[in-house]
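Worksheet for the structure shown next.
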Amino acid sequence: IESWGDRARTTVGLSKEAAIAAAASFGDMFTLIGFTGDEAANMSKNAVQAAADLGSFSNLDTADVADRISAAFRGEYDSLQAVIPNINAARVESEALAKTGKTVASELTAQEKAAAVLAIVQKDGARAMGDFARTSDRAANSAKIATAGLEDQQAKLGQQLLPAWSGLLGFLTGTA
């Protein structure tokens, strides 16, 4: 995830910190519902990339689309329907049943439903997949990349200034 985050500015239009935070949020959820560490990491990166591509294609912010995808993983499909119009509970259950071979929706696990959501996002969003890379030289994505680069530089500067700031605060509060 760390090395993926290093490339996030140009691949998903997010600063390293924002990309890792988004992936970590997805990863925590995936881990809690039973995916292994590597599965959760890969699914997280896929979800963030899908958010970047769908956002690029639909002129939406990557973080906004990531929030919409995250809501769908929790069973809330309304907001994601703006970019994936045909996603709903019945379709997610149908996709999960087809993938698992189960015949009763009540037997589906949260893990199976999450995999179905991601499959639907990738299938229905296929026209958008890769859009961020294809259009990274256009104004909207260039602006996302520039903003992410600025955020990365601010984070580096903040890390360099943190020891001096901590020292000053310690001096002022008498704890240094």
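Please work out whether the stretch 8-109 counts as rounded, prolate or oblate from its C-alpha gyration tensor, where a ≥ b ≥ c are the square roots of the eigenvalues and a/c under 1.5 means rounded, while otherwise a/b larger than b/c means prolate and anything else oblate? Oblate, because a/c is 1.5 or more while a/b does not exceed b/c.
Placing a label point 7 Å from the Cα of Arg127 along the Cα-to-Cβ direction, the residues of the stretch 63-82 with a backbone N closer than 20 Å are 65-66, 69, 78-82.
The residues of the chain expose on average 54 square angstrom of accessible surface per residue, using a 1.4 Å probe on protein heavy atoms. When the stretch 29-101 is described by a simple charge dipole with +1 on each Lys and Arg Cβ and -1 on each Asp and Glu Cβ, the residue from Asn46, Ile84, Gly34 located farthest towards its positive end is Gly34.
Decide, for the stretch 27-77, between rounded, prolate and oblate: order the square roots of the alpha carbon gyration tensor eigenvalues as a ≥ b ≥ c, take rounded if a/c falls under 1.5, and otherwise choose prolate if a/b is larger than b/c, else oblate. Because a/c hits 1.5 or more and a/b fails to exceed b/c, the stretch 27-77 counts as oblate.
Taking amide H as placed 1.01 Å from N in the peptide plane, Phe35 has no amide H partner under 5 Å among residues 5 or more places away or on another chain. The magnitude of the dipole of the chain, with charges of +1 and -1 set on the Cβ of Lys/Arg and Asp/Glu and taken from the Cα centre, is near 280 debye.
Identify the GluC sites (Glu not before Pro) of the stretch 1-80 meeting these criteria: DSSP loop state and at most 12 other C-beta atoms within 10 Å of the C-beta. For GluC sites (Glu not before Pro) across the stretch 1-80 that sit outside H, G, I, E and B with at most 12 neighbouring Cβ atoms in 10 Å, the list reads Glu76. Split the accessible area of the chain by element, probe 1.4 Å, and carbon with sulfur accounts for 55%. Set against the labelled values [x] 43, 18, 11; [y] 35, 21, 12; [z] 22, 20, 15, semi-axes √(5λ) of the Cα gyration tensor in Å computed from this structure falls on [y].
The values are calculated or read from the model by the stated rules, or taken from the named source; none is laboratory data. What you see is a predicted model; the values in this text were computed from it and never measured. Here Cβ is always computed from backbone atoms with ideal geometry, including for glycine, and neighbour counts include all displayed protein chains. Heavy atoms of the whole protein, side chains included, go into the accessibility calculation; ligands, DNA and RNA do not. Shrake-Rupley method; radii C 1.70, N 1.55, O 1.52, S 1.80 Å.
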